[in-house]
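K.L.:
Provided herewith is a single structure, encoded as structure tokens, for subsequent inquiry.
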Amino acid sequence: MKIGVCIKQVPAKDSPIAINEDGRWIREDDLKYELCGPDEYALEAAIQIKEQHGGEVVAVSLGPARSTDVLRTALAKGADRAVHIQLDAPEVTPPLPAAKALAEALSKESFDLILSGLQSDDQGFGQTGVIVAELLGIAHTTVVVDLEVTDGEVKVKRELEGGWYQSLSLPLPAMLAIQSGINTPRYASFKGIIAAKKKPLESVPAAASTEAHQQTLKIYVPEKTKDTQFLEGDPDDAAQALIAKLKTEAGILS
């Protein structure tokens with residue numbers, strides 16, 4: 001079985017985050033970068049499938065030259081080879097152009113299964129994997145919390161709202177967006193790190209147009225505010241006033 005895993009390099013959680021001068025993205029000069037957390041679960045799921053059924057795991061990442069660091073991490077954890085799609089963008093690429101570039105590269109590989117994390121740690125759109133599947137014309141589903149590959153299909157359990165779950169089968173090839181917590185991602189062993197240096201890592205230019213169809217006009221840190229109101233007077237009147245405010249101002253009661 002040939003499995004592709006879409007992974008992304010994102011700012012490390014402990015990096016100092018500051019908004020840049022134009023207010024449209026963050027300063028990247030002093031940032032550290034790491035493998036996107038949700039993508040770690042997708043990578044682990046792919047490696048486990050390979051261990052059960054055999055085959056090949058190919059890690060694919062779209063981004064600048066530094067993105068090869070997370071691809072080396074994936075190789076150290078057990079991926080067999082990696083593909084870096086070169087894209088030097090000043091800001092995070094929106095889902096549609098990112099998906100077009102990924103789909104163009106993925107279409108050349110004839111994958112049986114493509115996995116991604118549910119959403120990225122930086123912008124969290126949760127759309128790229130679904131758009132990739134649509135562009136490739138393959139079956140897809142999201143929020144996958146369990147999966148089993150059988151002959152010609154993959155059986156999945158996906159999380160719905162309100163504590164409900166859905167079980168369904170998808171024909172291969174298919175694209176799955178993996179929910180965080182589905183497994184326990186492994187650490188890269190010393191042996192794996194050494195082996196990763198000898199595994200193939202191919203860099204290719206982004207073939208599809210990455211022109212953005214949406215713009216980020218402004219990002220900002222939310223301001224902390226507090227508005228305290230005291231309801232004085234008769235307790236019954238205060239209670240009625242509180243109920244009215246919860247209905248009309250807070251929208252908690254109907």
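Coordinate-derived values only; no laboratory data. Everything quoted here is computed from the prediction, not taken from an experiment. Every residue, glycine as well, gets a Cβ built from its backbone with ideal geometry; the counts of neighbours run over all protein chains shown.
K.L.:
At a 10 angstrom cut-off on C-beta neighbours, averaged per residue, how do the peptides 122-129, 56-63 rank from highest to lowest?
P.N.:
56-63, 122-129
K.L.:
Okay, moving on. For region 107-254, what are the per-bin percents of Cα-Cα distances with bins 10 Å wide, up to the bin holding the maximum?
P.N.:
Here the calculated profile for region 107-254 is 8, 21, 23, 20, 13, 9, 5, 1.
K.L.:
Further question: Which of the peptides 115-121, 32-38 is most tightly packed, and how do the rest follow, judged by the mean count of other Cβ atoms within 10 Å per residue?
P.N.:
Peptide ranking by packing, descending: 115-121, 32-38.
K.L.:
Another question, if that's okay. For region 1-105, taking Cα atoms only, what is the radius of gyration to one decimal and the Dmax to the nearest whole Å?
P.N.:
Answer for region 1-105, Rg first and Dmax second: 14.8, 51 Å.
K.L.:
Can I ask one more? At what distance in angstrom do the alpha carbon centres of region 98-116 and region 229-254 lie from each other?
P.N.:
Distance between centres, Cα-based: 55 Å.
K.L.:
Place a +1 charge on the Cβ of each Lys and Arg in region 2-205 and a -1 charge on the Cβ of each Asp and Glu, then give the dipole magnitude about the Cα centre in debye, rounded to the nearest 20.
P.N.:
That gives region 2-205 a dipole magnitude of about 620 debye.
K.L.:
Order of 222-234, 142-154 by packing, highest average Cβ count within 10 Å first?
P.N.:
Going from most to least packed, we get 142-154, 222-234.
K.L.:
With springs connecting C-alpha atoms under 10 Å apart, model the chain as a Gaussian network and identify which of Pro173, Pro235, Pro94 has the largest mean-square fluctuation.
P.N.:
Pro235
K.L.:
Still on this structure, please answer the following. Can you compute the helix-only [θ] at 222 nm over the chain? Use -39500 (n - 2.57) per DSSP H run of at least 4 residues, normalise by all residues, nearest 500 deg cm²/dmol.
P.N.:
Only helices count here, giving -8500 deg cm²/dmol.
K.L.:
Anything over 32 Å Cα to Cα? Flag those among Lys155/Lys198; Lys100/Lys191; Lys77/Lys108; Lys32/Lys77, in the order listed.
P.N.:
Cα-Cα > 32 Å for Lys155/Lys198; Lys100/Lys191; rest within.
K.L.:
What residue among Ile19, Ile131, Ile243 has the largest mean-square fluctuation in a Gaussian network model of the chain, using Cα springs under 10 Å?
P.N.:
Ile243
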